[in-house]
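The structure under discussion appears below in the form of structure tokens.
The values are calculated or read from the model by the stated rules, or taken from the named source; none is laboratory data. Keep in mind it's a predicted model, so treat the numbers as computed, not measured. When we count neighbours, we look across all protein chains shown, and the Cβ atoms used for this are built from the backbone with ideal geometry, even at glycine.
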Amino acid sequence: MIQIKPFLLAGISGLFSVFSLTAQSSPEEVHVLQKQILNEGLMTQVDQMARQVASGGFNAGDGYGEVWIRDYNTFIELAMEVMPDEAIRSNLNTFFHFQGKTGDIVDGFLDIKKAEIGKEGGYKYRLSETEPRFAAHKNTVETDQEASLIQAIYKYVKRSGNTAYLQTKIEGKTVLERMEWALEYLLNEKYNKQYGLLIGATTADWGDVQPEHPWGVEIDKDTHFSIDIYDNAMMVLALNNYLELESNTAKQQKWTQVRDELKKNIRTHLWDEKNRKFIPHIYLDGSPFPASFDENQIYYHGGTTIAILAGLLSKEEIKEANQKMLENMKAAHAQTIGLTMYPTYPAGSFKNVGMYPYGYQNGGDWTWFGGRMIQALIENGFIREAYTEILPMLRRIVSNQGFYEWYTPGGEPKGSGTFRGEAGVLFTAMNMLKEWAENQQVQSLDQAKGSMVLFTFGQSNSANHGQGLYQPAKTVYNYYDGKLYQAADPLIGATGEGGSVWTRLGDKLIEAGMTEKVTIVPIGVGGVRIGAWAKGGELHELLIRTVEQMKKDRIEPDYILWHQGETDNILNTPKADYIRMFETIREVFRSRGIKAPIVIAQASYHPNCLEEDNGNSAEIRAAQKALADQYPDIYLGPDTDQLNQLWQRADGIHFSTKGQDLHAAMWLESLKQVK
């Protein structure tokens, strides 16, 4: 039976909310999506890779010496998972040590020994008497450094709960005061009164390279000043964050009015209602591009994403924006919605040679922003879209074994292979998806107290690969990774998205009076040989982790149910080998003090083997029977090889709806015989 330890259901430091699908989805559709997210192996792999890359430092990635605020803002939550709290705060503080006399924030800082101070044509470095270890510089083309720092501080405080940090004094001013000073700098130095919006140099969407110069990071006499959606949306998002941290009523009123005016002016001047998009730029002193070029044909993905995060678009407009990004992705033959823009600026529009069409910030595919669009979709309830659209981002990271800055439309990785901003935005997005999934019909473990616990595994016929989704009518739970859910097909924890025998068995056990409640712990995997579960196999660690998590949660199986043998029939696995490998599986339980009876199904039938013993394997069946004969704690379960009629197996291999019912009935009778 199940024993309960104290259990607290909580989000990730309270950062994420519980989200719901916006479409009129059925409970079955929601459950399938929940199961897909919780069982997504790519997310597990990328999470592990992200933690590893974040543990390597705070610079943007290999090839960069600086800690950049626009990058740090996007991976600070990830860094907090693997780095000391003191180091996280120290980086934030360092930006304030270099805060300018008017409140401006530098772009980045690096070890002063590595700074090429005084180099002609290089950065104009800023030094600090209170932080002499570093040198800093500011990319004056962009207007996002101040907003990025405020957002980063907000993420730190919300995730850590360390509100006292806001009162930390740096050179006589508290962190909160310096945040406000940075906002005042933007209003005093970067605010255009005619439009009521922030200005900056002309760049490609969120980029920090202007077209007039080969390097393009310094405002000078050739700069064309303009207004764009990215800078202004970043400001609105920063104000949203600041207002949540600021408790002073007068300051709240002041900055709320500033924020609301910005939002209104963004919609008035930057939103193109006819084309349902943001215009690229409002020019204050002429455009750097030829008059013959219609810039408004370009759709900015990055700026639109930040606008959604800042709450500037309605749900319907968000849906349209996502659809447009998918259409642009297809038209550009790109891999993800991280595509910077579509179409691109023509060749020669930028003197920086890296800004060719579909190169770098001129149409390159950046997960750094694509991952933030995934976050925006989740925040607004588009869970199915978010899950579907994050997968190609995860696949190429695993395929390339690295977090690259950007990708060509053909998927060729470019730039640093340890780009922490990409790792950070995906880490946050994946955790948001996971939290949504974990909060769908989640139960307190107390609800399962006194239930009969079934540990189920093997291959596909134990793992949601059958026909007919089944919803138990009785009290049947699904335990997975330390959480308890209402059981429904497909069960969370096993592969496959079809029907399961175990949900049906749960109802039958209760109807037969054997228990009042059932908890299923399913970890079956389709198509695997017994060797995968045995010691040295690729699933052996999964078996161990699951058993140890159960012990940690004080969950004790009442029955361990094994249904596997079809693949070993095809492989002609000898009887002795099958027995030897299963003994290592048995040892996982027994060596950890779990004494529950193991019930092994007689399962070997596969239609590919019809020429031999009507599809069955005498060797596998003999091995399964020998295990039951040899060990008093192993019992022979149902003989599912008897269910070999076409009407019982929907595709000749996996059980049909009627076959599932018969399968469950056979398990019920077998468990009645176990003493």
List every residue pair whose Cβ atoms lie under 7 Å apart, where the two residues are 6 or more positions apart in sequence or sit on different chains, the first residue falls within the stretch 77-96 and is in contact (Cβ under 8 Å) with a residue 40 or more places away in the chain, and the second residue, located anywhere, is of a type outside the set (A, V, I, L, M, F, W, C) and outside any helix (DSSP H, G or I).
94/131
Looking at the stretch 125-133, is at least one residue in contact with a His (Cβ under 7 Å, 6 or more places away or on another chain), at pLDDT below 95 and surrounded by fewer than 19 Cβ atoms within 10 Å (Cβ to Cβ)?
no
Residue under question is residue 74, and the condition is that it be polar (S, T, N, Q), more than 28 Å from the chain's Cα centre (by Cα), under 23 Å from residue 405 (Cα atoms) and surrounded by 20 or more Cβ atoms within 10 Å (Cβ to Cβ); does it hold?
no
Out of the residues in the stretch 515-566 meeting the condition of being in contact (Cβ under 8 Å) with a residue 60 or more places away in the chain and in contact with a His (Cβ under 8 Å, 6 or more places away or on another chain), tell me which one is farthest from residue 35 (Cα to Cα).
566
Could you list all residues from the stretch 280-318 that are β-branched (Val, Ile, Thr) and touching a helix residue (DSSP H, G or I) at 6+ places or on another chain (Cβ under 9 Å)?
282, 304, 305, 306, 308, 318
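Yes/no matrix, rows are residues, columns are (1) out of contact with any helix residue (DSSP H, G or I) (no Cβ under 8 Å at 6 or more places or on another chain); (2) surrounded by fewer than 24 Cβ atoms within 10 Å (Cβ to Cβ); (3) in a loop (DSSP other than H, G, I, E, B):
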| site | (1), (2), (3) |
| --- | --- |
| 426 | no, no, no |
| 429 | no, no, no |
| 434 | no, yes, no |
| 446 | yes, yes, no |
| 450 | yes, yes, yes |
| 454 | no, no, no |
| 471 | no, yes, yes |
| 474 | no, yes, yes |
| 478 | yes, no, no |
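From the list 57, 63, pick out the single residue that is at pLDDT 95 or above and at positive phi.
Answer to the check: 57.
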I'd like to know if the stretch 167-184 contains one or more residues that are buried (at least 19 other Cβ atoms within 10 Å of the Cβ), more than 21 Å from residue 264 (Cα to Cα) and free of Cβ contacts under 8 Å to residues at least 40 places away in the same chain.
no
Note on residue 65: of the conditions (1) in a loop (DSSP other than H, G, I, E, B); (2) free of Cβ contacts under 8 Å to residues at least 24 places away in the same chain, unmet is (2)
Any residue at all in the stretch 417-425 that is out of contact with any Phe, Trp or Tyr (no Cβ under 7 Å at 6 or more places or on another chain), touching a residue at least 40 places away in the same chain (Cβ under 8 Å) and aliphatic (A, V, I, L, M)?
no
Search result, residues across the stretch 400-412 that are of a type outside the set (Gly, Ala, Ser) and either surrounded by 24 or more Cβ atoms within 10 Å (Cβ to Cβ) or closer than 22 Å to residue 72 by Cβ (or both):
403, 404, 405, 406, 407
Does the stretch 591-605 contain any residue that is surrounded by fewer than 21 Cβ atoms within 10 Å (Cβ to Cβ) and part of a helix (DSSP H, G or I)?
no
Would you check if there is a residue in the stretch 49-71 being more than 23 Å from the chain's Cα centre (by Cα), more than 26 Å from residue 237 (Cβ to Cβ) and of a type outside the set (D, E, K, R)?
yes
Only listed residue being within 16 Å of residue 170 (Cβ to Cβ) and either of a type in the set (Ser, Thr, Tyr) or at pLDDT below 95 (or both), chosen from 94, 143
94
Please tell me if residue 250 is in a helix (DSSP H, G or I) and free of Cβ contacts under 8 Å to residues at least 60 places away in the same chain.
yes
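So that you can scan it fast, the table gives a plain yes or no per residue for (1) among the hydrophobic types (A, V, I, L, M, F, W, C); (2) closer than 28 Å to residue 379 by Cβ; (3) without any contact (Cβ under 8 Å) to a residue 60 or more places away in the chain; (4) in contact with a strand residue (DSSP E or B) (Cβ under 8 Å, 6 or more places away or on another chain):
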site: 322; (1), (2), (3), (4): no, yes, no, no
site: 325; (1), (2), (3), (4): yes, yes, yes, yes
site: 333; (1), (2), (3), (4): no, no, no, no
site: 341; (1), (2), (3), (4): yes, yes, no, yes
site: 345; (1), (2), (3), (4): no, no, no, yes
site: 348; (1), (2), (3), (4): no, no, yes, no
site: 351; (1), (2), (3), (4): no, no, no, no
site: 355; (1), (2), (3), (4): yes, no, no, yes
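For the stretch 648-675, which residues satisfy the criterion of being over 25 Å from residue 495 (Cβ atoms) and in a loop (DSSP other than H, G, I, E, B)?
Taking the stretch 648-675 first, the residues over 25 Å from residue 495 (Cβ atoms) are 669, 672-675.
Correct list: 674, 675.
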Hey, does the stretch 392-406 have a residue that's outside any helix (DSSP H, G or I), touching an Asp or Glu at 6+ places or on another chain (Cβ under 8 Å) and not aromatic (Phe, Trp, Tyr)?
yes
Does residue 115 satisfy the condition of being more than 19 Å from residue 241 (Cβ to Cβ) and small (Gly, Ala, Ser)?
yes
